[in-house]
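Only the coordinates and a few stated rules stand behind these numbers; no lab work does. It should be emphasised that the depicted structure is a prediction, and the values quoted were computed from it without experimental measurement. For neighbour counting, all protein chains shown are included, and Cβ atoms are generated from backbone atoms with ideal geometry for every residue, glycine included.
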Amino acid sequence: MKNSLYLLFLGLTVGLFASCSQEVKVLSSVDTPSPLVEEYSDMVVPPNIAPLNFFVDAEDGQEALVLTCDGKSISAVCKDGAIIPELDAWKDWATPDKPVEVKHCRLENGKWIAYRPFTFRFAKEEIDPYLAYRLIPPGYTLWNEMGIYQRNLENFEETAILENVQTDRNCMNCHSFCVQDPGKMMFHLRAKHAGTILVKDGNIRKLETRTEQTMSALVYPYWHPGGNYIAFSVNDTKQLFHTNHTNRIEVMDLASDVVVYDVERNEIIATPLTFGEESFETFPSFSADGKTLYFCSARKQALPDSIEALKYHLCAISFDEKTGTFGNRVDTLFHAERMDRSVSFPRVSPDGRFLMVTLADHATFPIWHQEADLWMLDMQDGNKLVSLDALNSTSVESYHSWSSNGRWIVFSSRRTDGLHTRPYIAYIGADGSVGKPFVLPQERGDFYQGCMNSFNIPELVKGKVETGSYALIQKVLDNEKEQVKMNRKINLTE
Amino acid sequence: MKRFNVCMSLLFVALAIWQIHLHIPYQLCQLEHTNLFVGDWDWFVPFLERMGGIGRWLGTWGIQFFNEKITGAAAFAVPVILLFVAMAGLLRSPEKDMSAWIPWVTAVPACQLLSLYDHNFYWWGALSMALALAGLWLVSLCRPSVRSWLFLAGIPVVTWGLGAVACVYVSAGIILFAQKENWLMTLAAPSAVYLSTIALIHFTGVVVDLGFLLTPACYYESISEMPFYHWGTWGATLLLPFLARLTAHVSMKKPMASWIVCCTGWLVPSALLVQTAGNFCNTSNQDIWRLNHHAYMEDWDAILDFVSDKPMNNYLFMNYANLALANKGELANRAFHYYPKGMNSLLTTINSTGAVRLLASDIHYTVGCIAEAQQHAFEAQVTFPQSMGIQTMKRLVKTNLIFGHHAVAEKYLSLIARTTFHKEWAQKYSRFLFNDQAIEADAELGEKRRSLSQRNRFAMFYGWTPELQDILEVNPENRQAKEYLGLSYLMNKDLKGFRLFLDKHYGTGKDRTLPLSFQQAVMALDQPDKVEEYDVTAAVKEQYAQFMRQYAQNRQNPNLKNVMHRSFGHTVWYYLIFV
């Protein structure tokens, strides 16, 4: 009896172990390209990323991968629609700056048959270890639960920076970090407990950013690399629905301007050149050296009837950090009407060489434009704007941000179903070469199929946001706010 | 006495179920329609990550049974019954005989039921309370040496798994188990463990709101302020054991006194429950949920039966009545039977409540404004506790199929397919995925797709009329759109627009059989050629003649409006002159 129990226990243990670590022994191969080639071959992947998700259309256990890098192999079998290597195995095995041979196998009559191998490679450069984003259903005007989260890109851990279930279900948005620094961040709150939360050097401030001179509270942010200024837009935004169009929604600004907020002085500075009534200025961003303020500008149109004529140019104006003043001239880097496209989200790489934008047919909210794509210009190469075909799909590609080393970008795409936004990561070489994008890896293969939220404003961050939830929530719930002032020395009617 | 108590218990349970069925049957339906439960592990895990998650998950599971009339009421009553049983069990402690208080236990589930009548109070809150006390009862059955440790171990489990009811669990446990000789284990330790648990949760920022941590507000819709009476259950749950323990040594020597106390205990809370229930139910909400339920089940006759008894002073009722008529193909025949008051009678002003958004989605879907139907369904869904509900999910599947957004429809269908009661529906609609031929051949989806406007515009920016006109451009056979459009002109008293509408949609070469209200409107045009052209029936002509005669006879009558209303209140003519 005792022996039987022992054997039973042994058998169960072996069986359990075997099922957990199914080794894939490739017995034969065919000279046919794998269905994964198009999506995964020649990809460049951060050496510190969590195990990639290789999506397959197969039942559990019917397909597998054998990955070999620098002489070491790991294998993984498909489950829930994807092949995802074990985290521990992946960590030990990945070698920076090395190619990976991929044998994609299918199970036939109990034997693993491999397709023709393909390769991808690990880059030398790591990606910033955290990604911050807001999770929210891809909705319109109403909301319920939402939160700003941070995901450790080196594993699958996601934690909340702030969730609105703790703050009376208000709206929180537009989180932004100063040069990917988790210690310098800000985000807005709308509806209940409205205001702007600014975290810097361990201090948490709550600001009231509405002023009499500006049409709204401060909206789209971008930190100056020095950390003492934040560029914002102010917007009067409207949302309308198409009756029959590939794009469900059109979001338009009936008016907008660009200003800069002085963090230390708690005041807004502006120039008539970005504060005009005859034009709409929005989406400001600073250059890597902080000496140039980029923004999008469009000629005022009668809206909504002339929405398709509303095209935003890419403009630049110089900015002096020491004096907090602007130049006296606006340069147009990209003339929208000539190319019949509209620019959004200008983002300069940290080395100052590349400027990435989203181009759509018209208007200013490209996430709802299926035709929106990513383009980039090389500022050392004549400022010619080039479509990033490797990144773009037939659906929307939009909001993008750079890693601190300038080698990685993360961007939003709705290519999976046209509605739910997913974050994609891609490599940008020092010469401007672009790697194939891959979706933010998840622990389960069917995660995105079941996820009803969109990943909004993905921002790479150099470390974990350590500002505790307790302190943040207390500040959010605090009704006392610092009133932001408008700098009276500026004459905005010039 | 014991048998009497058992019989009275069963009667009380029956009373509770009957009260629920009587007062809030459609609140249960609304809960089910705005809920979605998926019974697999990935769905369950996120619940564990939040305080009260176990209770919430069980609540979501239980709500899916609410749709059936009596069984739904019984399912809804489960926490009330369980609470009753748990409280009774706690008072039957082997060490102290507190069973004389058992009849008075009815006060606790009675209070809980009154709380549940408030739709802002989550059902899972009542379930959590019942489970916490049931857990306490199980602990009370153990040997004293084991009991204390189990009680302590249960504190963090109940706090995290069930939420703020842990406060009641701990307090009731202390009341029942505290002993002077063992005060450390029975009083100090539970208090310390509980306070430490709360402090940990609070100061780590997991839950900062102390109201959420420690009060019934944990189970109340956060956008509303919780009325004070929701404390009643907590108060009764603690007061009873306290009083029972205090009087445990008192025994009633006279049997008559025992019977009086016993009967009073059964009768008083039950009578209060029956008498006051109406004060705690929101009747207007119940009506709207009833109408929504009938619309969701496409039981149009039920809507019309319901509204026929109601004074038509509510635009939502008018909207539902017209929606039902439209779906029965009788809108333009009978729209004026419900005393409309302007355009809002057809389509009310949209606000941010889920109920109005659901209605707006239904109306737009009926006429074929699919973009608007989709938008409102999505917005309604966002207002639901889980931000998803089966009713809106189904609508979103249909609208996305109609638009050809198959990937999104597939996503929703894959979720619905994982539910218990709606997977057949998902299977039925899965055949339309990536199959435009099947969609176009389907009576419902095909009709809606044929009504998609070829001309894109911003929905509702210029009002509803252009939308309906666009639909009829592409699908002149869309009867609902046609009748809503014609009635829109009449509701706005735009007879010129109505005449143009008639010429366009009922003119030469087209079907000239006009519905009743359109015939009446033709008479009001005062164009005899139109009367002949559109074959207005003799009955309508006669009725119009009577109207005009009576109007002329009573012109000087200060009570003219009422006089005319008696005979002609249902007519277009009355509306055009008096409304």
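Here are the numbers for this structure:
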{"read-out": "Net charge dipole size for the protein assembly as shown [Lys, Arg +1 and Asp, Glu -1 on Cβ; Debye, nearest 20]", "value": "3240"}
{"read-out": "Cut-off under 5 Å, modelled amide H: who pairs with A:M172 long-range", "value": "A:R190"}
{"read-out": "Proxy reagent accessibility, fewest Cβ within 10 Å first, across B:K398, B:K310, A:K475", "value": "B:K310, A:K475, B:K398"}
{"read-out": "Angle between chain A longest axis and helix A:2-20 axis [Cα atoms, degrees, rounded to 10]", "value": "40"}
{"read-out": "Table column - 3J(HN,Hα) (Hz), region A:269-279, Karplus curve with 6.51, -1.76, 1.60, x for Gly and Pro", "value": "10, 8, 9, x, 5, 10, 9, x, 8, 8, 9"}
{"read-out": "Sorted largest first, extent of region A:130-482 alpha carbons per principal axis (Å)", "value": "50, 48, 44"}
{"read-out": "Normalised contact order of chain A, rounded percent, pairs of Cα under 8 Å and 6 or more residues apart", "value": "14"}
{"read-out": "Label-point separation in nm, B:W259 to B:R499, each point 7 Å along Cα→Cβ", "value": "8.5"}
{"read-out": "Cross-link partners of B:K423 among lysines (Cα-Cα below 25 Å; sequence separation of 8 or more within a chain)", "value": "A:K79, B:K69, B:K394, B:K398, B:K411, B:K448"}
{"read-out": "Estimated D of chain B in µm² per second, where Rh is the Kirkwood radius over Cα pairs and Stokes-Einstein applies at 10 °C, 1.306 mPa s", "value": "58"}
{"read-out": "Between helix B:516-525 and chain B: long-axis angle, C-alpha atoms, 0 to 90°, nearest 10", "value": "50"}
{"read-out": "Number of partner chain Cβ atoms within 10 Å, mean per residue of B:53-65", "value": "0"}
{"read-out": "A:E23-B:V146 pseudo-label distance in nm [points 7 Å out on the Cα-to-Cβ vector]", "value": "4.7"}
{"read-out": "Spherically averaged projected area of region B:285-469 from its Cα convex hull (nm²)", "value": "10.9"}
{"read-out": "Extension reserve of the A:A390-A:N152 stretch, reckoned as 0.36 nm per residue once the Cα distance is removed", "value": "83.1 nm"}
{"read-out": "Degrees between helix B:479-491 axis and first principal axis of chain B (Cα, 0 to 90, nearest 10)", "value": "80"}
{"read-out": "Percent of alpha-carbon pairs separated by more than 55 Å within the protein assembly as shown", "value": "29"}
{"read-out": "Candidate aspartates and glutamates for bridging to B:K496, where Cα separation is under 13 Å - those fewer than 8 sequence places away on the same chain excluded", "value": "B:D526"}
{"read-out": "Anchor B:K180: lysines whose Cα lies under 21 Å away (excluding residues fewer than 8 positions away in-chain)", "value": "B:K96"}
{"read-out": "Alpha carbon centroid spacing (whole Å) that separates region B:400-415 from region B:149-225", "value": "44"}
{"read-out": "For region A:314-351 and region B:368-387, distance of Cα centres in Å", "value": "39"}
{"read-out": "Within 10 Å of each Cβ in B:386-394, the average number of Cβ atoms from other chains", "value": "2"}
{"read-out": "Average partner coverage of A:237-247, which counts Cβ from other chains inside 10 Å", "value": "6"}
{"read-out": "Two-site FRET efficiency, A:D331 against A:T141, from Cβ-Cβ distance with R₀ of 41 Å, rounded to 0.05", "value": "0.65"}
{"read-out": "Length gained when the stretch B:K541-B:A14 is fully extended (0.36 nm per residue, less Cα-Cα span)", "value": "183.9 nm"}
